[in-house]
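The values are calculated or read from the model by the stated rules, or taken from the named source; none is laboratory data. Computed from a predicted model, the values in this text were never measured in an experiment. Positions of Cβ are backbone-derived with ideal geometry, glycine not excepted, and every protein chain shown enters the neighbour counts. Remember, those area values only see protein heavy atoms, side chains included, never the ligands or the DNA or RNA. Shrake-Rupley method; radii C 1.70, N 1.55, O 1.52, S 1.80 Å.
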Amino acid sequence: MKDKATQLIHHGYQAPAGFAAPMPAVHKASTVFFNTCRELRERDWLDKQAYTYGLHGTPTTFELEARIAALEGAQHALLVPSGLAAIALVGQALLQQGDAVLLPDNVYGPSRALARHELRAWGIGHAFYDPMAPQALQVDAKTKLVWLEAAGSVTLEFPDLPALIQRIRAQAPHALIALDNTWGAGLAFDAFALGVDLTIHALTKYPSGGGDVLMGSVCCRDPKVYEQLALCHSRLGLGVGMNDCELVLRNLPSLPLRYAAQDQAARRIAQWAQAQAWAMEVLHPALPSSPSNAAWSALCTQAAGLLGIRFAPELPRERVEAWVDDLRLFHIGWSWGGPISLAVPYNLGEIRSLPSSPRGMMVRLAIGLEAADDLIADLHRASHLLT
Ligand SMILES: Cc1ncc(COP(=O)(O)O)c(C=O)c1O
């Protein structure tokens, strides 16, 4: 008879096979057991039909990867600890010293910072392009990666993606095209059908839906690109927590419903805001007045629940911030896709690079799951601070 301490660890109970329930089980592991030394010796770190070590995946992470690949229309998906880590992995895995990357001028801010600091320090150049002027895009021979963002995460311009992709392919056939698909969430348009090579998705936003998980994905179709990404991912140790995967798996089934509800509410609020004298311009690609409306309507019927309100350049920052501070239903904070509406003021002059970029103050509103009428009443109640 073994000692109780040993029995508590080396127990013989096996749960009966065949358990079926709506949610997949959560398999948590750092160590994974092998049956024999030979199995351990012959392990293949990239084989998703087998298990090697928790960092490289358990049934829970493999299941979420498969579901995200399906959502994005890709063959392969890798999970990383945040959307920003997904952007960084693409650069680290696919670029080398002497290469260059092109970024849209309205790119997600930390991606700009990554190019200016880490990529520059590793000898990788970068430049910005105007996403709304595809005919002006110049891609030189050093450029090995071009990022697309649709819509831009703060100013919400929706570029002419087919025109941009065509121009990149014509000028630099060997450059890879990566799209930050966080805004479209895999629902608004089909990125791979348009011809991109890679997508990243901040699963932190819509797929998580709760404002309580940080996670990102990198998806692709080409097995060679996948191998490059997966080997780098494995060497960098970019595993994700299985409880976080559980939360995303739990919320994925309601993603299309949440996306549609937030879209409808954001459009109602955008239309209302357009009629307010204090709003100089409302930024939302579905508005017929938006310079992006033609490009958006050519590909999409849906949009993320985000809008921007631009103010007259003479309106001081303090007044805009006082309005945001006074909102009761909108909390002040970054991100989107969660249940609570969020507001963030931006000084456009501080977040753009090209001389042609807009200037002045704007506020980005991320619409949650509250009733749109209540959100409008909140925005209206505080608006005397703007006039
Ligand atoms: C467009 C876009 N991409 C990527 C990210 C990064 O996601 P995470 O917050 O998970 O790092 C964000 C976050 O705000 C984003 O807005």
At a probe radius of 1.4 Å, what is the per-residue accessible area of H27, in Å² to the nearest 10?
80 Å²
Total formal charge among the other residues, if their Cβ is under 13 angstrom from that of R221, Lys/Arg +1 and Asp/Glu -1
-4
How much net charge surrounds Q96 when only other residues with a Cβ under 12 Å from its Cβ are counted (Lys, Arg +1; Asp, Glu -1)?
+1
Classify the range 200-268 as rounded, prolate or oblate from the Cα gyration tensor: take a ≥ b ≥ c as the square roots of its eigenvalues, call it rounded if a/c is under 1.5, otherwise prolate when a/b beats b/c and oblate if not.
prolate
Output for the range 103-218 (equivalent-ellipsoid semi-axes, sqrt of 5λ from the C-alpha gyration tensor, Å, descending) is 23, 18, 13
So which GluC sites (Glu not before Pro) in the range 303-369 end up in coil per DSSP with only 13 or fewer other C-beta atoms within 10 Å?
E314
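Please say if the range 239-329 is rounded, prolate or oblate, where rounded means a/c under 1.5 for a ≥ b ≥ c the square roots of the C-alpha gyration tensor eigenvalues, and otherwise the choice is prolate for a/b larger than b/c and oblate otherwise?
oblate
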Packing-based order for 359-367, 246-254, 337-345, using average beta carbon neighbours within 10 Å, highest first
359-367, 337-345, 246-254
Rounded accessible area per residue of the range 64-211, 1.4 Å, Å²
33 Å²
Given C-alpha coordinates of the chain, what is the ratio Rg to Rh with the Kirkwood estimate of Rh?
1.02
Filter K48/K224; K28/K205; K2/K48 down to the pairs with a C-alpha to C-alpha distance above 26 Å, please.
K2/K48
What fraction of the DSSP beta bridges in the chain is antiparallel, stated in percent and rounded to the nearest 5?
55 percent
Carbon + sulfur, % of accessible area of the range 33-184 - ligands and nucleic acids excluded, 1.4 Å
53 percent
The range 34-91 and the range 316-339 have their Cα centres apart by a whole-number Å value of 38 Å
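So what is the relative contact order of the chain, in percent, for Cα pairs below 8 Å that sit 6 or more residues apart?
It comes to 16 percent, rounded to a whole number.
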Pseudo-spin-label distance N347 to N293, built 7 Å along Cα→Cβ, given in nm, is 3.3 nm
Placing +1 at every Lys and Arg Cβ and -1 at every Asp and Glu Cβ, with all other atoms neutral, what dipole size does the chain have around its Cα centre, in debye to the nearest 20?
540 debye
How would Y129, Y51 line up by accessible area, probe 1.4 Å, largest first?
Y51, Y129
Per DSSP helix of 4 or more residues, -39500 (n - 2.57); summed, then divided by the residues of the chain. What does that give at 222 nm, rounded to the nearest 500?
-10000 deg cm²/dmol
Against the 2.2 N^0.38 Å rule of thumb, the C-alpha Rg of the range 96-136 sits at a ratio of 1.20
So, for the Cα atoms of the range 323-387, Rg and Dmax in Å stand at 13.3, 39
What does the accessible area per residue of the range 1-44 come to in Å², with a 1.4 Å probe and no ligands, DNA or RNA counted?
100 Å²
Rounded, prolate or oblate: pick one for the range 154-259, where a ≥ b ≥ c are the square roots of the eigenvalues of its C-alpha gyration tensor, a/c under 1.5 means rounded, and failing that, prolate if a/b is larger than b/c, else oblate.
oblate
Among residues other than Y51 whose Cβ falls under 12 Å from its Cβ, what is the net charge (Lys/Arg +1, Asp/Glu -1)?
-1
Area accessible to solvent at D140, 1.4 Å probe radius, in Å²:
90 Å²
